Amino acid sequence: MLSNKRRGDQRSRRKSRIAAACSLPILVMIGLIRAQSPPPGGQAPAVPPPASRQPLTSPAKPFVMIDPAHGGSESGAVLNPTLLEKDVTLALARRLRQDLAGRGIPGELVRDDDSTLSTDDRAARANREHPALYICLHASSLVGSTRVVTAMLAEEEEAEGEESHGPFLDWATAQSGPLQTSTAVQQQLVSSLTNNGLRARTLAAQLRPLNNLIVPAVAVEVAPTTGGVSQLVASDFDQTFSSALAGGIASLLSTLAGRSGAFQP
């Protein structure tokens, strides 16, 4: 059993991760304020006229962060003797990025090669870059329904003693804020997949990195609908599946575009 001190240390480390991912903009703003303050006893630096000022940042267009699960030394499931989950997810992620681009939606891959990334690495990047939506892709060899997963927060007794203060969020329950939007994404994707003749169902799970994200997030586990696992690498199946996901995302982005604070980067 962990001592109270060790538990406290672990909680502090978990809470500090998201705060660290969000601290850079604050430090940048502090630096700008100091740089613009006049030195003691001196004159304030000349300020260029408004017409010559350049904006610090230009408004970013919302983008979708696509995360092909596994990679590198972590192969994921061995779908058949020659097919690894990490390869299926990467191929599908690249196709989804292309289909989103065709609808005018920028997509960014967490990995675009066979690199190894931890769930903490993935969560920290998503929290730092703050995409409109994070979608993690998995693959299964079991014939059946595709599962669209949202985070499931810990029960009250499990989270007892874990608190969020200001910018310091509990690492395991960071998804509590955007969970309602994540659920709307989940329902839209299931509807879009079903409308395209693909079986799909919803699921909630305590799954990393979903539980650690401060942005709307879902995981999608693609499964063959007929025959065997070879369907997952069939061009027509991939095209139908990716197009259904892209269509669902585009529809939801359009629906939420007018809502204050919804899906902003």
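Bear in mind that the values in this text are calculations on the coordinates, not laboratory data. Computed from a prediction, not measured in an experiment: that's the story for all the values here. Counting neighbours? That spans all protein chains shown, and the Cβs are built from the backbone with ideal geometry, glycine included.
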| field | Label-point gap, in nm, between Arg103 and Val143 - each point 7 angstrom along Cα→Cβ | value | 3.0
| Tensor-based shape of the range 191-259 (alpha-carbon gyration tensor, a/c under 1.5 rounded, otherwise prolate or oblate) | oblate
| Using distinct alpha-carbon pairs, which all enter the 1/r mean, Kirkwood radius of the range 69-221 in Å | 16.4
| Is any residue of the range 61-76 close enough, with backbone N under 12 Å, to a label point placed 7 angstrom from the Cα of Gln180 along the Cα-Cβ axis, and if so, which? | none
